[in-house]
Structures are given as structure tokens and as C-alpha cells.
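The values are calculated or read from the model by the stated rules, or taken from the named source; none is laboratory data. Not measured: the values here are computed from a predicted model. Here Cβ is always computed from backbone atoms with ideal geometry, including for glycine, and neighbour counts include all displayed protein chains.
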Amino acid sequence: MQPSSRLNRLPPYLFAELERKIAEKKAAGVDVISLGIGDPDTPTPEPVVDALAVAARDGATHQYPSNRGRPELREAFARFYGRRFGVELDPETEVVPALGAKECVFNLNLAFLDPDSVALAADPGYPVYTGGPLLAGAEAVLMPLLPELGFAPDLDAIGGDVARRARLMYLNYPNNPTGAIVPEGLFERAVEFAREHDLLVVHDASYTETTFDDYVAPSFLETPGAKEVGVEVFSLSKGWNMTGWRTAAVVGNAEAVSAYWRLKTNMDSGMFEAVQLAAAAALDAGPPQQMPVIYQRRRDLVCAALREIGVDVTPPKGTIYVWAPVPEGHTSASFCELVLEESGVVVSPGSAYGPNGEGFFRISLTVPEERLTEAVERLRESL
Ligand SMILES: Cc1ncc(COP(=O)(O)O)c(C=O)c1O
């Protein structure tokens, strides 16, 4: 048996590796606290679960769904975008549901990349922006996100040949893993760049609904001209505590949305229609308002404790992560291994998100406050 060479080109998927290590420790009887994976610990809002239960009892939802999505869901996305961002979407042509942002980002690579083409991917960044292009047989070229530029890529530094071959550019604000919010002018510059080089901007809006300190995150599609050159991937996973449901959509440029849909008709059979109806109810109700409050409290707790032990951390204005420099004398990997070994706490090494993540580690805020307090206490003792 021989797996494809494209599979062998992939680096190990960070979270698969983390899951393996956690299982090993747990099997050895260690009380592991995992701050590694960004998976909300609070249940999905009750009315959304109720909407699913009602829809699931209707036999009409039990057959193959259509990949275009039910009108109820597409219209709910359009209503949400109008209300929340002031962005008008045509539910007929500018919205297609996705089985999570991850599926959508991955498949956009298959829909837009050829073997000699390039996807521009943030470094550090969500690993699918680099793994996806590789699996599509194309190339991911990294755009460094540096703290001194507010974690914006320097689009002027992207060279002629790379810019010529680029078909996709991935942006993601509020940003995983750095927690950065979109730097002023970046979306406008991205629209210009996309026009100059005829590429599709894909803005991953997975964290627009989890922001702090009165910051309200914009949609990329609010930017003048954005719909001519871009799409946004909007997910209910984080904002609505719905990671298990696999509910997202690609919205924006009709040609790109249609290309994604054409690809999908060959790949999967869409989203369970009862889930589509529940997701529509979730969008109409809006994200649960208490979640940013809960994450903000956890953020403050973690940042204060890290500062006390000498870690110079900037509290993020969005996402569910704290991104912090590792103590002197450590690499990202050596620090995370030490923390796991000494304290049974899992944090993610920054280097797993790209070379510019080296020297950092990421803490996920998706555990209850008492566990977070205990984790930070254990960290303090192990350093
Ligand atoms: C930036 C980013 N995009 C996409 C995803 C995946 O989201 P979904 O659950 O909608 O597939 C994540 C999950 O952590 C993420 O951090």
C-alpha cells in the first residue's frame, strides 16, 4: 500500500499530534489541562438545539440536502450580514453553506489553484492555509506577520514572480494565533493588491463575534470593492459554540462562490437540512452575548498571571487565544514540552503555525475559570 506523495509532503497536523500526547499523558494517570485546542467548552444555545430537534423530527429533512443550501439558511446569512455588518448579500448567488470554515478554506484551494500557482498564506497562521495549497498540488508562499506591523502582512514586499502566480490570498482577523485585530488600511490595501494581480482574497472571519473591550470586528466585505475581488468565510463554530455542528458559509463574490459550489457538488452532499434550519435560527438570534464577556474575564486572568511570572504579554482584543513570548532560553517546542512534562498543561508551540511563530506559545481560553486558574498556577510552579 502506498499513500500519495501529496500526503507525504504534509507536515504532521498540529492538533492530531497534540491529541496523541494528551492521550498518552491521560493514560499515564496525569490530570491534563489542555489549553491547546480552541474548542468552546460552553454548550450551543438552547434555542438552537431546540430548532434542531424540531427540524430533525420532520422527515422532509432526512434526504440528501442540496449543496446550494436551503433558502432559509442562505437568507438567514444575508439577513445577518445586513444587520451585523451593513453588507448586502444576494442569497441566490452570493452565499453557499460550508461544512465548517476548515472544509471551505481547504476546498477553495482545489477550486482556485493549479500546479504552478500560489496561495499567499499568513505566517504564523491557521495550518489549513498552507496544508490546503500543498494538497491541491500548488504552493503556499508565506507572508510574515510581524508584531511591529500590528501582525499585518507587508503586501509591498511580495515579489513579482510570486505576485504573478498568486491566485489566492488568505487573511484572518481577529487573527488566530496572534489575537491581532485588523490593522488600519489592510483590507483596503488587499483589495488594491488583488486588483493589481488578479487574485481572490479569502478573508476567514471565524472570530469576528468574539471580541473584547468594546472592539467590534468588521467584515472584509465592508471594504469598498471587496466583493469584486473577495469572499469571506463565516463560521458559527466559535461565536455560537457550535464547533461540532460544522456550520459555516462562503459569502461574497458570486463567481468565486459559484466555483466553490461547483467543486462541492463533486465532493460531498451538503449539510444535513435539520442542521441548516438550526443554523438559520442561530443566525437570526445572533451569537450568545455572554461568551465574549466570559472569554474577556479568562483573558484578563491569564494575562495577569503571565505578567506576574515575567511573561510580557499583550491582551488580545479578539479571538479565544492569548499569544505570548516563551521565556528566555527556550524555543517554542522546548517550552511547550517542558510545560506538559512538568505540569500536565498543554499549550501550543507558536512554531506549529509557521516559522514566524517561533518564540511564542498560544493559550486557548476554552476551559472554565477554575481550571484556567489551576493551569496558570501549575505553570508558575514549573517555571
Ligand atoms: C482561523 C480559523 N479558521 C477556521 C477554523 C475552523 O473553523 P470551523 O470549525 O468552522 O471549521 C479555525 C479553528 O480553529 C480557525 O482558527
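Any residue in segment 146-163 that is buried (at least 20 other Cβ atoms within 10 Å of the Cβ) and closer than 26 Å to Phe77 by Cα?
No.
Within the set of pairs 6+ apart or on separate chains, which have a first residue in segment 78-100 that is modelled with pLDDT of 95 or more and more than 16 Å from the ligand (Cβ to nearest atom), a second that is outside any loop (DSSP other than H, G, I, E, B) and among the small types (Gly, Ala, Ser), and C-beta atoms under 7 Å apart?
Qualifying pairs under 7 Å: Glu88/Gly82; Leu89/Ala78; Pro91/Ala78; Thr93/Ala254; Glu94/Gly252; Glu94/Ala254.
Determine whether Asp50 is in a helix (DSSP H, G or I) and either buried (at least 18 other Cβ atoms within 10 Å of the Cβ) or acidic (Asp, Glu) (or both). Let's see the steps before the verdict.
Details: in a helix (DSSP H, G or I): yes; either buried (at least 18 other Cβ atoms within 10 Å of the Cβ) or acidic (Asp, Glu) (or both): yes.
Judged against the criteria, Asp50 is a match.
Which fully enclosed strands (runs of 3 or more DSSP E) of segment 86-153 have 2 or more residues being closer than 23 Å to Phe193 by Cβ?
In segment 86-153, 118-123, 139-144 are the strands (runs of 3 or more DSSP E) which contain 2 or more residues that are closer than 23 Å to Phe193 by Cβ.
Name every residue in segment 253-271 that is farther than 14 Å from Glu103 by Cβ and either touching an Asp or Glu at 6+ places or on another chain (Cβ under 8 Å) or not polar (S, T, N, Q) (or both), in order of residue number.
Hits for segment 253-271 are Asn253, Ala254, Glu255, Ala256, Val257, Ala259, Arg262.
Identify all residues within segment 209-229 that are within 16 Å of Val95 (Cβ to Cβ) and either within 16 Å of the ligand (Cβ to nearest atom) or in contact with a Cys (Cβ under 7 Å, 6 or more places away or on another chain) (or both); write none if there are none.
Answer for segment 209-229, where residues must be within 16 Å of Val95 (Cβ to Cβ) and either within 16 Å of the ligand (Cβ to nearest atom) or in contact with a Cys (Cβ under 7 Å, 6 or more places away or on another chain) (or both): Ser219, Phe220.
Out of segment 170-208, which residues are away from the ligand (no atom under 14 Å from the Cβ), under 21 Å from Pro147 (Cβ atoms) and either of a type outside the set (Gly, Ala, Ser) or in contact with a strand residue (DSSP E or B) (Cβ under 9 Å, 6 or more places away or on another chain) (or both)?
Once the filter is applied, which keeps residues that are away from the ligand (no atom under 14 Å from the Cβ), under 21 Å from Pro147 (Cβ atoms) and either of a type outside the set (Gly, Ala, Ser) or in contact with a strand residue (DSSP E or B) (Cβ under 9 Å, 6 or more places away or on another chain) (or both), segment 170-208 yields Pro183, Glu184, Leu186, Phe187, Arg189, Ala190.
Consider Lys21 against the criteria (1) more than 18 Å from Ala352 (Cβ to Cβ); (2) surrounded by 10 or more Cβ atoms within 10 Å (Cβ to Cβ); (3) charged (D, E, K, R); (4) away from the ligand (no atom under 16 Å from the Cβ): it satisfies all of them except one. Which criterion is unmet?
Only one criterion is unmet by Lys21, namely (1).
Restricting attention to segment 313-333, and to residues there that are modelled with pLDDT of 90 or more and farther than 26 Å from Ile294 by Cβ, which single residue is nearest to the ligand (Cβ to nearest atom)?
Checked segment 313-333; the qualifying residue nearest to the ligand (Cβ to nearest atom) is Ser332.
Just checking, how many residues over segment 101-133 are more than 16 Å from the ligand (Cβ to nearest atom), over 22 Å from Thr265 (Cα atoms) and among the hydrophobic types (A, V, I, L, M, F, W, C)?
Count: 1.
What are the residues in segment 24-47 that are buried (at least 16 other Cβ atoms within 10 Å of the Cβ) and over 27 Å from Met291 (Cβ atoms), if any?
Selection gives Lys25 alone.
Being among the basic types (Lys, Arg), in a helix (DSSP H, G or I) and free of Cβ contacts under 8 Å to residues at least 24 places away in the same chain is the requirement here; does Lys21 meet it? Before the answer, list the steps.
On the way: among the basic types (Lys, Arg): yes; in a helix (DSSP H, G or I): yes; free of Cβ contacts under 8 Å to residues at least 24 places away in the same chain: no.
It is false that Lys21 is among the basic types (Lys, Arg), in a helix (DSSP H, G or I) and free of Cβ contacts under 8 Å to residues at least 24 places away in the same chain.
What single numbered condition from (1) in contact with a strand residue (DSSP E or B) (Cβ under 6 Å, 6 or more places away or on another chain); (2) modelled with pLDDT under 95 fails to hold for Gly150?
(1) is the only condition that Gly150 fails.
Within segment 327-370, track down each residue that is assigned to a loop (DSSP other than H, G, I, E, B) and free of Cβ contacts under 8 Å to residues at least 40 places away in the same chain.
We begin by selecting, within segment 327-370, every residue assigned to a loop (DSSP other than H, G, I, E, B); these are 327-331, 344, 347, 354, 358-359, 365-368.
Hits for segment 327-370 are Glu328, Gly329, His330, Thr331, Glu358, Gly359.
Can you find a residue in segment 327-339 that is farther than 23 Å from Asn107 by Cβ and within 20 Å of the chain's Cα centre (by Cα)? Even if it seems obvious, please write down each step before you answer.
Keep residues of segment 327-339 that are farther than 23 Å from Asn107 by Cβ, which gives 327-339.
Cutting the leftovers down to within 20 Å of the chain's Cα centre (by Cα) gives us none.
No, segment 327-339 contains no residue that is farther than 23 Å from Asn107 by Cβ and within 20 Å of the chain's Cα centre (by Cα).
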